[in-house]
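The values are calculated or read from the model by the stated rules, or taken from the named source; none is laboratory data. In this text, all values refer to a predicted model and were calculated from it rather than measured experimentally. All Cβ positions, glycine included, derive from the backbone under ideal geometry; neighbour counts span all protein chains shown. Side chains included, ligands, DNA and RNA excluded: accessible areas come from the protein's heavy atoms. Shrake-Rupley method; radii C 1.70, N 1.55, O 1.52, S 1.80 Å.
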Amino acid sequence: MSLSLADWLAAQSVDPALTSALASMAASCAEIAVVLRNAPLAGQTGLAGHTNVQGEAQKALDVISNDIVLNHLRANPQISILISEEMDEAVHHENQGRFIVATDPLDGSSNLDVNVTVGTIFSILDAKGGILQPGSAQLAAGYAAYGPATSLVLTLGKGVAVFTLDASGTFRFTTDTVSVPEASSEFAINTARERFWDEATRGYVAENIAGETGAAGKRYNMRWVGSMVADIHRILMRGGIFLYPLDSETLAKGGRLRLLYEANPMAMLIEAAGGRSTTGRQRILDLTPSAIHQRVPVILGSAEEVKRVEDWYNRVS
Ligand code: P6P
């Protein structure tokens, strides 16, 4: 039988305190997986009746998932601060725990009613650095993808490992040879937003759509799930590029996706697997946050593709 997450972390000689924090996050994801599997029978899909700090209608399962994470992390003396997409302010626990956890407890929840993969994204930081640290300071990052299988994807900085939830509720080691191919011919962007795009995004996507006859010189395919975890998991497994760039509609807010608990953890995972991440103009992991719910442009995936987007930004800026 494959190693459990706990045994795998012990075999990597990971700091026991960090192992404990990761175990609490994994236990949260295992519990959320059960709730999601049963949600349609328990009548738990649909709206929770109020909105989160982003002004987005909260689904019952957003609230339930956030409560599950809160309960597990509050009980762990190693965790002193929790930042969540679903809570306006950071939650400070009484203990002097070593770690901060930033999380999107249920990302992509608009897909819940149509049974499409959603996820929990998390980032772990050293509490000594405070809540507004650059993504390069992350100690660990990962996500759970609630799909045909429930996968836990994790990096401690070097390499990316995947664990699969078994019938007993234990995450079991599946692979640690995750590598984002340098080249790809698959891109992920919401093309319904084309009228808002800047020149760089428009130019890059047009080259892809031109296929063999265009500057890219090859045929592309497009995927857009509308669930970041699902799109990023595909890119980690087989390559590609994910783009949620700054556009004329998101400009005032700084972007669509959140830095602390979406962009940073996904950028750490992609880079740990040999990929590249940028806002278009700078490396995501170099950004120093100004607020816990700060939004940023997110472009990440296969290095060759991300570099083509950066070249477009350099040419047009
Ligand atoms: P759009 C889900 O709401 C999310 O935050 C990400 O998971 C996803 O990639 C993106 O928004 C989808 O955005 O504009 O296509 O609905």
* Where the chain is the region considered: accessible area per residue in Å², 1.4 Å probe -> 41
* Asked: Carbon-plus-sulfur fraction of the accessible area of the chain, 1.4 Å probe, in percent?
  -> 51
* Asked: If you place +1 on the Cβ of every Lys and Arg, -1 on the Cβ of every Asp and Glu, and leave all else neutral, what size is the dipole of region 186-316 about its Cα centre, to the nearest 20 Debye?
  -> 160
* To do: Just the Kirkwood number for the chain, please: inverse of mean 1/r across all distinct Cα pairs, in Å, one decimal.
  => 19.7
* Selection of GluC sites (Glu not before Pro), region 51-151, meeting DSSP coil and at most 13 other Cβ within 10 Å -> E56, E89, E94
* **Kirkwood-Stokes translational diffusion coefficient of region 5-175, alpha-carbon pairs, 10 °C, 1.306 mPa s, µm²/s** => 97
* Charge dipole (debye, nearest 20) of the chain; +1 at Cβ of Lys and Arg, -1 at Cβ of Asp and Glu -> 400
* Contour excess over end-to-end distance, with Cα ends at L41 and A210 and 0.36 nm allotted per residue -> 56.2 nm
* Structure fact -> With Cα coordinates, the longest principal axis of the chain makes an angle with the long axis of helix 228-238, in degrees rounded to 10, of 70
* Asked: Dipole of the chain (Lys/Arg Cβ +1, Asp/Glu Cβ -1, origin at the Cα centre): which of A230, I68, V178 lies farthest to the positive side?
  -> V178
* Taking only Cα atoms and a 10 Å spring cutoff, compute GNM fluctuations for the chain and point out the largest among S290, S13, S151. => S13
* Out of every Cα-Cα pair in region 78-172, what percent are more than 20 Å apart? -> 45
* Asked: the chain: longest stretch without exposed trypsin sites (Lys or Arg not before Pro) (DSSP loop, at most 13 other Cβ within 10 Å), sites themselves excluded?
  -> 1-157
* Structure fact -> Over the chain, the sum of -39500 (n - 2.57) across DSSP H runs of at least four, divided by residue number and rounded to 500 deg cm²/dmol, gives at 222 nm -9500 deg cm²/dmol
